[in-house]
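The values are calculated or read from the model by the stated rules, or taken from the named source; none is laboratory data. Keep in mind that what you see is a predicted model, and the values were worked out from it rather than measured. As a convention, Cβ positions derive from the backbone with ideal geometry for all residues, glycine included, and neighbour counts pool all protein chains shown. Side chains are part of the model used for accessible areas, which takes the heavy atoms of the whole protein and leaves out ligands, DNA and RNA. Shrake-Rupley method; radii C 1.70, N 1.55, O 1.52, S 1.80 Å.
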Protein chains: 2
Amino acid sequence: MIRIILAEDQRMLRGALGSLLDLEDDIEVIGQADNGEEALKLIHELKPDVCLMDIEMPLLTGLDIAEQLQMAKSSCKVIILTTFARPGYFERAVKAEVHGYLLKDGSSDDLAQSIRNVMAGKREMAPELIFGAFKEKNPLSERECEILRLASSGKTSNEIAASLFLSHGTVRNYLSEIMGKLEVKSRIEAIKLAEDKGWL
Amino acid sequence: MIRIILAEDQRMLRGALGSLLDLEDDIEVIGQADNGEEALKLIHELKPDVCLMDIEMPLLTGLDIAEQLQMAKSSCKVIILTTFARPGYFERAVKAEVHGYLLKDGSSDDLAQSIRNVMAGKREMAPELIFGAFKEKNPLSERECEILRLASSGKTSNEIAASLFLSHGTVRNYLSEIMGKLEVKSRIEAIKLAEDKGWL
DNA sequence: TTCAAAACATGACACTTGTCACCTGCAAGT
DNA sequence: ACTTGCAGGTGACAAGTGTCATGTTTTGAA
């Protein structure tokens, strides 16, 4: 019997998947969470074989959890189930050595089989990702990301400078550099593009 | 037997709900669509008792379809199933006299019963909406929305002015007005907030 | 009819943004 | 030892942005 927990903040999908997976003879849903912290707690308490997680959840993202489990050398296998085929997310998931990365755009019929494959030691990656994976990787450095993140929250150059203890000229240089790399003309476009690609 | 069709562009959710509903003795899923035009075609061809639709779908939104069915005085009952509790969407759905407006954040267990209630002539509205419906309505006028939309795409004041045949001073006045109404200090924050609330 | 709101406009002012050229210091690689 | 690249910096300039006061015109509701 494969014991799994589900972490997904959209109740309708979580409930539906939970019911469906429970119908399988060899799969048992032993816990469900609608946020990251709850999910992590359940994993520690219940020691499931597999956890099926969304990425964007309240409190803690699925990727955060995957990284923590990797560091703790947990035996719980991780399958990410998300809407987003963002290269940034996928890259991070691969680094965290997740056992599966599936898209919500995929078929629900294949889900149970994917879980079985993962239990058998295979890795299940949505085909869309393997091909398009590193075609577009994040051209921004750590620092540049940090600055763009702050800009995206609506901060002005001066405020960004203050919170990073930089001069405002430096901040503007970074933003200029970022816009150059992203081939856009304003910080607003840069923010849109970076958020879109999941680089933020 | 209640004959229904499902229209939802996220395959995983549509598949899962389809399988679940088909397990009910008195419900039969006779068609599924992943875009609005396909859904409308199916409704005309198969004459289902109920159609369960998302709002944001390719080609045609669920609200567009609901309005068309209302005009055509179709006997097919419409249930909207969406992520968004946006007052704007809900208002439009009510005007289109939909029979149900449920949230993807609701329980999947209640779905079948909601469908039965709708067939029995009741209306099923997510409680979150009835109460919070008009608490926070869009403070921006049509024109202001239009300008903020253009700003959100990264256009400068001058570019917005050009595309609307206004002077750039007028555009800046609007943006200033918008930021005042939204109580923020920059257009970036205004964009974030408006997108967040679904006013865009 | 009258009044208020929305839409549109101008000009002026201070500040922010984006660009550029040019500078230092430091930590890899080769 | 030397180059390269990242991080950080300066100063100057043009353009864009946000604010204000002050108008006109149109339009819909009381």
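Using the heavy atoms of the protein chains alone and a 1.4 angstrom probe, what is the accessible area of chain A per residue in square angstrom?
That works out to 48 Å² per residue.
Near the amide H of residue A:124, under 5 Å away, which other amide H atoms are found, from residues 5 or more places off or on another chain, if H is placed in the peptide plane?
Amide H neighbours of residue A:124, under 5 Å, 5+ apart: A:100, A:101.
Please give the FRET efficiency for residue B:23 paired with residue B:73, using the beta carbon to beta carbon distance and R0 = 30 Å, rounded to the nearest 0.05.
Using R0 = 30 Å, I get an efficiency of 0.40.
Please list, short to long, the whole-number percent of alpha-carbon pairs of chain B in consecutive 10 angstrom bins beginning at zero.
Percent of Cα pairs in each bin: 8, 31, 27, 19, 12, 3, 0.
What 222 nm value per residue comes from the helices of the protein assembly as shown, counting each DSSP H run with n ≥ 4 as -39,500 (n - 2.57) and dividing by all residues, nearest 500 deg cm²/dmol?
When only DSSP H runs of four or more count, the value is -15500 deg cm²/dmol.
When the dipole is taken about the Cα centre of the protein assembly as shown, and only Lys, Arg (+1) and Asp, Glu (-1) are charged at their Cβ, what size is it in debye, to the nearest 20?
That gives a dipole near 1420 debye.
Output wanted: per-residue J couplings in Hz (rounded whole) for region B:149-166, from phi through Karplus 6.51 cos²θ - 1.76 cosθ + 1.60, θ = phi - 60°, x for Gly and Pro.
Once θ is set to phi - 60°, the couplings for region B:149-166 become 4, 5, 4, 5, 8, x, 5, 7, 4, 4, 5, 4, 4, 4, 6, 10, 6, 10 Hz.
Quick check for me: using +1 on Lys/Arg Cβ and -1 on Asp/Glu Cβ, what's the dipole size of chain B about its Cα centre, in debye to the nearest 20?
Charge dipole of chain B: 780 debye, to the nearest 20.
If I compute solvent accessible area with a 1.4 Å probe over the protein chains, what percent of it on region B:1-136 is carbon and sulfur?
50 percent
How high is the relative contact order of region A:142-197, in percent, with contacts defined as C-alpha pairs under 8 Å that are six or more residues apart?
Result for region A:142-197 is 33 percent.
Hey, what do the phi angles of region B:72-81 turn into as Karplus ³J(HN,Hα) couplings, whole Hz, using 6.51/-1.76/1.60 and θ = phi - 60°, x for Gly and Pro?
Once rounded to whole Hz, the list reads 7, 6, 5, 8, 6, 7, 10, 10, 8, 10.
Using the structure shown, select from A:197/B:192; B:155/B:181; A:197/B:181; A:104/B:73; A:104/B:192; A:47/A:122 the pairs with a Cα to Cα distance greater than 23 angstrom.
A:197/B:181; A:104/B:73; A:104/B:192
Under 17 Å between alpha carbons, and skipping anything fewer than 8 positions from residue A:185 in its own chain: which aspartates and glutamates qualify?
A:144, A:177, A:195, A:196, B:159
Apply the Karplus parameterisation 6.51 cos²θ - 1.76 cosθ + 1.60, with θ equal to phi minus 60°, to every residue of region A:58-69 and state each ³J(HN,Hα) to the nearest whole Hz, in sequence, with x for glycine and proline.
Whole-Hz 3J(HN,Hα) from phi for region A:58-69: x, 6, 8, 7, x, 5, 4, 5, 4, 5, 5, 5.
For region A:155-181 and region A:96-132, what is the separation of their C-alpha centers, rounded to whole Å?
Using only Cα atoms, the two centres lie 40 Å from each other.
In peptide B:13-23, what is the residue-averaged number of other protein chain Cβ atoms found within 10 Å of each Cβ?
6
Just which residues of region B:99-122 lose 40 Å² or more accessible area with every protein chain there, against their chain alone, with the probe set to 1.4 Å?
B:104, B:105, B:108
With the label 7 angstrom out along Cα to Cβ, how close does residue B:73 come to the same site in each of the other copies, in nm, nearest first?
7.4
Distances from residue B:146 to the same position in the other copies: list them in nm, one decimal, shortest first, using label points 7 Å from Cα along Cα→Cβ.
With the label placed 7 Å along Cα→Cβ, residue B:146 yields 4.4 nm.
Residue B:27's amide H: which non-local residues (gap 5+, or another chain) put their own amide H closer than 5 Å, with H modeled 1.01 Å from N in plane and none for Pro or chain starts?
When sequence neighbours closer than 5 places are left aside, the close amide H contacts are B:2.
How many square angstrom of accessible surface are buried between B and A, both sides summed, with a 1.4 Å probe and rounding to 100?
Answer for the B-A pair: about 2500 Å² buried.
For the full complex of protein chains and a 1.4 angstrom probe, list A:153, A:107 by accessible area with the highest value first.
A:153, A:107
Name the chain B residue with the Cβ nearest the axis that maps B onto A: which is it, and what is the distance in angstrom?
Closest Cβ to the B-to-A rotation axis, residue and whole-Å distance: B:16, 2.
Note the distances from residue B:107 to each other copy's matching label point, with points 7 Å along the Cα-to-beta-carbon direction, in nm, sorted shortest first.
3.2
Compute, for residue B:168, the solvent-accessible surface of its heavy atoms (probe 1.4 Å) with the complete set of protein chains present, and express it in square angstrom to the nearest 10.
Rounded to the nearest 10, that gives 80 Å².
Once the dipole of the protein assembly as shown is set up with Lys and Arg at +1 and Asp and Glu at -1 on Cβ about the Cα centre, which of A:33, B:151, A:62 lies farthest towards its positive end?
B:151
Tell me, what is the percent relative contact order of chain B, built from C-alpha pairs under 8 Å that lie six or more residues apart?
Averaging sequence separation for qualifying contacts and normalising by length gives 14 percent for chain B.
DSSP loop GluC sites (Glu not before Pro) in region A:100-200 with at most 14 other Cβ atoms within 10 Å of their Cβ, which ones?
A:136, A:183
Please give, to one decimal in nm, the separation of the simple spin-label points placed at residue B:109 and residue A:109, each 7 Å out from Cα toward the Cβ.
About 2.9 nm, to one decimal.
Using a 1.4 Å probe on the protein chains only, how many percent of the accessible area of region B:142-197 belongs to carbon and sulfur?
In region B:142-197, the share of accessible area belonging to carbon and sulfur is 49 percent.
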